[in-house]
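All remarks here apply to the structure that follows.
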Amino acid sequence: MSNQETLGLTEIKEKIQQLSDQYIHCIDDDRLEEWPEFFTEDCTYKIISRENYARNLPSALIYCKSKGMLKDRVSAHRNANIFEAHFYRHIVSNSLIMGESNGVYQVQSNYVVFQTKLDGNTEVYNTGKYVDQVVFEQGEPKLKERLVVYDTLNIPSLLVTPI
Amino acid sequence: MSNQETLGLTEIKEKIQQLSDQYIHCIDDDRLEEWPEFFTEDCTYKIISRENYARNLPSALIYCKSKGMLKDRVSAHRNANIFEAHFYRHIVSNSLIMGESNGVYQVQSNYVVFQTKLDGNTEVYNTGKYVDQVVFEQGEPKLKERLVVYDTLNIPSLLVTPI
Amino acid sequence: MSNQETLGLTEIKEKIQQLSDQYIHCIDDDRLEEWPEFFTEDCTYKIISRENYARNLPSALIYCKSKGMLKDRVSAHRNANIFEAHFYRHIVSNSLIMGESNGVYQVQSNYVVFQTKLDGNTEVYNTGKYVDQVVFEQGEPKLKERLVVYDTLNIPSLLVTPI
């Protein structure tokens with residue numbers, strides 16, 4: 001847990017930024033099988049509305065409590081879910097370390113996801129922020145928790161691809 | 001003023017980036033009371049169209065000439081203005097130091113602000129660039145001037161929340 | 001070619017990020033005459049659809065094979081093409097070095113271009129990713145290849161300004 005002893009703050013920031021960049025290219029390049037590997041084994045991944053997050057209400061659009069559940073989601077996405085073909089394009093910016101406690105870094109970033117369907121039109125699909133807890137395992141950053149706190153309540157289709 | 005002597009260029013860039021990140025999370029998280037603290041006492045904050053900026057015309061949508069005026073704006077926003085509830089989501093990217101003179105850094109960034117209203121729809125509200133003058137006070141970066149040069153002339157509602 | 005000997009990885013990343021930032025401000029500030037200078041003499045600049053890129057099909061919307069061809073494009077843009085006045089606003093994020101081989105860095109970034117026309121409305125014009133090969137000449141990064149791989153098939157007007 002003693003990352004501060006071995007990694008400098010600049011290096012920690014750089015690695016957290018790199019995690020963020022790799023995460024979105026993984027999704028946008030449709031390498032979803034690699035997606036769970038950004039998380040710890042006992043992770044939390046939750047997609048929750050801005051309002052429920054602010055009022056501390058538990059209801060979420062997606063709620064996964066372990067890496068295993070993330071793998072199940074990818075498997076369902078590949079084999080079971082039926083949905084209109086689409087492509088995501090993430091822009092994630094302004095990642096900021098809000099605090100640190102016992103080797104857990106609180107990190108917040110803004111995101112927008114654009115969606116392009118087969119008709120070739122691109123639209124704003126969803127905006128919001130990531131609220132993350134990042135830990136280091138063997139010197140590499142992992143998401144212990146990623147809350148996707150979304151602004152856009154009007155989700156025009158089944159949310160099947162992770163954000 | 002001799003930041004160059006005490007802070008390296010990499011550290012200066014890092015601190016300016018952090019200022020930019022903190023600024024937008026402050027607005028998007030609705031902590032507007034903290035917003036004036038990003039500026040110097042004698043600051044300039046102006047929201048001006050691309051065309052007026054290019055032609056050096058003075059007319060601006062918002063023009064504040066001191067930190068006190070920024071505080072007044074926040075106070076009006078909280079207590080006086082009547083407007084439809086909405087949420088902002090900023091994406092600010094590609095911050096670039098364009099030059100430096102006597103400890104004043106010229107910095108330019110691109111921004112897009114998305115707006116979500118209570119119906120839950122998110123739309124592109126405004127795009128443009130920040131043209132900043134950043135100084136360091138006690139080693140911390142402050143906005144001596146922020147010009148919000150906007151592309152989007154068609155502003156669909158009263159612009160009440162700072163950009 | 002031995003950049004690794006003279007430049008550290010952090011510095012290389014920083015310089016590649018700076019190239020990316022300068023590139024978009026050059027276009028968005030309408031300094032197109034400087035745009036070819038981001039490329040090597042024998043560069044490739046191609047705007048290609050996601051599908052053609054994935055299937056390795058050659059057809060591209062724009063295909064330039066040298067810096068000279070880029071200069072020709074700018075010249076045509078200034079003097080020959082007839083098109084509706086418009087402004088671009090780029091957001092380029094999440095630049096990631098995917099690999100390196102013989103001093104050539106493979107870099108991938110996500111982009112969105114917003115377009116504002118004279119009516120003052122801003123819309124999502126195009127999203128996609130840059131797939132770049134970056135080399136260093138006299139310590140400065142240059143684009144040996146930039147592939148603009150776009151999601152948005154529906155391009156509502158002649159694509160005249162480079163992305």
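Name the residue that is farthest from B:Gly139 (Cα to Cα), counting only residues in region B:18-36 that are within 13 Å of another protein chain (Cβ to nearest Cβ) and of a type in the set (A, V, I, L, M).
At the first step, the residues of region B:18-36 found to be within 13 Å of another protein chain (Cβ to nearest Cβ) are B:18-31.
With the extra rule that they be of a type in the set (A, V, I, L, M), the set shrinks to B:19, B:24, B:27.
Values: B:Leu19: 12, B:Ile24: 21, B:Ile27: 23 Å.
If we take residues in region B:18-36 being within 13 Å of another protein chain (Cβ to nearest Cβ) and of a type in the set (A, V, I, L, M), then B:Ile27 is farthest from B:Gly139 (Cα to Cα).
Quick check on region A:136-162: of everything there that is touching a Gly at 6+ places or on another chain (Cβ under 6 Å) and surrounded by fewer than 19 Cβ atoms within 10 Å (Cβ to Cβ), which residue is farthest from A:Asn102 (Cα to Cα)? So the residue we want is A:Asn154. Inside region B:107-121, residues that are farther than 21 Å from C:His90 by Cα and more than 8 Å from every other protein chain (Cβ to nearest Cβ) make up a count of 2.
Scanning region A:56-90 for residues that are free of Cβ contacts under 8 Å to residues at least 24 places away in the same chain and surrounded by 19 or more Cβ atoms within 10 Å (Cβ to Cβ) turns up just one, A:Cys64. Looking for something surrounded by 15 or more Cβ atoms within 10 Å (Cβ to Cβ), within 13 Å of chain B (Cβ to nearest Cβ) and touching a Gly at 6+ places or on another chain (Cβ under 7 Å) - is there at least one such residue anywhere in region A:96-106? Within region A:96-106, one or more residues are surrounded by 15 or more Cβ atoms within 10 Å (Cβ to Cβ), within 13 Å of chain B (Cβ to nearest Cβ) and touching a Gly at 6+ places or on another chain (Cβ under 7 Å). Close contacts from region B:27-45, counting a first residue that is in contact (Cβ under 8 Å) with a residue 24 or more places away in the chain and a second that is hydroxyl-bearing (Ser, Thr, Tyr) and part of a strand (DSSP E or B), with Cβ to Cβ under 7 Å and a gap of 6+ residues or different chains, come to B:Ile27/B:Tyr88; B:Asp28/B:Tyr88; B:Phe39/B:Tyr45. Within region B:91-128, the set of residues being touching a residue at least 40 places away in the same chain (Cβ under 8 Å), within 15 Å of B:Leu19 (Cβ to Cβ) and not small (Gly, Ala, Ser) comprises B:Val92, B:Ile97, B:Val104, B:Tyr105, B:Val107, B:Tyr111.
Filtering region A:66-78 for residues that are at pLDDT 95 or above and within 13 Å of chain C (Cβ to nearest Cβ) leaves an empty set. Across region C:37-76, what is the total count of residues that are in a loop (DSSP other than H, G, I, E, B) and of a type in the set (S, T, N, Q)? Residues flagged as in a loop (DSSP other than H, G, I, E, B) and of a type in the set (S, T, N, Q) within region C:37-76 amount to 3.
Quick one: which residue in B:Val160, B:Val92, B:Val124, B:Val134 is touching an Asp or Glu at 6+ places or on another chain (Cβ under 9 Å), more than 14 Å from chain A (Cβ to nearest Cβ) and of a type in the set (A, V, I, L, M, F, W, C)? Can you show your working first?
Values: B:Val160 fails: touching an Asp or Glu at 6+ places or on another chain (Cβ under 9 Å); B:Val92 fails: more than 14 Å from chain A (Cβ to nearest Cβ); B:Val124 fails: more than 14 Å from chain A (Cβ to nearest Cβ).
Answer to the check: B:Val134.
The values are calculated or read from the model by the stated rules, or taken from the named source; none is laboratory data. For clarity, every value in this text was computed on a predicted model and none was experimentally measured. Note that we place each Cβ from the backbone using ideal geometry, even for glycine, and neighbour counts take in every protein chain shown.
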